[in-house]
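> Right, I'll just put the structure down here and ask away after.
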Amino acid sequence: MSRSIKTVTGFFLTVLFLFVATEQASAATKQSIKWRVNGDCVDLYEEFQSDYTVYEGESCVFTATVKPVKPSRTVALQWFDSDTGKWTIYDQAKTNKSGVARVDVYFDTDECWEDASWEFRLGMAKQGASPAITSAPFWITFVYDCN
């Protein structure tokens, strides 16, 4: 084999190796989800809040940031149904091109019930080799305005 053929072959094998190694590394990127809360339900004086209160006519916005950014994923706000023993989707949103999804808890009704609290969590379904991810549970209390 001539020297130029060996050089070209070596170059292409090196590029192919780097391409395969990069693809394997990106496929192994660990999936993660971080979230924060904004809106009327946030107590500015409690640093590690896990209980949120939403008064009738107010809202609470959960913003989830997912890594890696691609592919787009669906983030669901789920509540625990103690009657069935299962987590049920309250609302869900797809991540945008920055990996961010926003789910709004808006509470407005013409009915008047006793205030009630439910256990919630944020979840992301299994995608390819990445397992499903859920946040730690937190509580949302809905307070009715019966005046």
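The values are calculated or read from the model by the stated rules, or taken from the named source; none is laboratory data. Please read these numbers as outputs of a predicted model, since none were measured by experiment. Heads up, the Cβs are rebuilt from the backbone with ideal geometry, glycines too, and the neighbour counts pull from every protein chain shown. All accessible areas refer to the heavy atoms of the entire protein, side chains included, with ligands and DNA or RNA removed. Shrake-Rupley method; radii C 1.70, N 1.55, O 1.52, S 1.80 Å.
> Within the set of pairs 6 or more residues apart or between chains, which connect a residue that is crowded, with 20+ Cβ neighbours inside 10 Å inside segment 68-80 to a residue that is of a type in the set (K, R) and not in a loop (DSSP other than H, G, I, E, B) with Cβ atoms less than 7 Å apart?
Q78/R121
> Also, I was wondering about something else. Which condition does A93 not pass, out of (1) in contact with a strand residue (DSSP E or B) (Cβ under 7 Å, 6 or more places away or on another chain); (2) modelled with pLDDT under 95; (3) of a type outside the set (K, R), if it passes all the others?
(2)
> Among the residues of segment 53-67 satisfying the criterion of being surrounded by 14 or more Cβ atoms within 10 Å (Cβ to Cβ) and under 18 Å from the mean Cα position of the chain (by Cα), which is farthest from V37 (Cα to Cα)?
Of the residues in segment 53-67, the ones surrounded by 14 or more Cβ atoms within 10 Å (Cβ to Cβ) are 53-56, 58-66.
Those still in the list that are under 18 Å from the mean Cα position of the chain (by Cα) too: 60-66.
Working: C60: 7, V61: 6, F62: 5, T63: 6, A64: 9, T65: 12, V66: 15 Å.
Ranking the candidates gives V66 first.
> Just to check your reading of the model, which residue among G85, G10 is modelled with pLDDT of 85 or more, open to solvent by less than 50 Å² (accessible area, probe 1.4 Å), over 30 Å from C146 (Cβ atoms) and not hydroxyl-bearing (S, T, Y)? Don't jump to the end; show me each part of the working.
Details: G10 fails: modelled with pLDDT of 85 or more.
Going through G85, G10 in turn, the sole match is G85.
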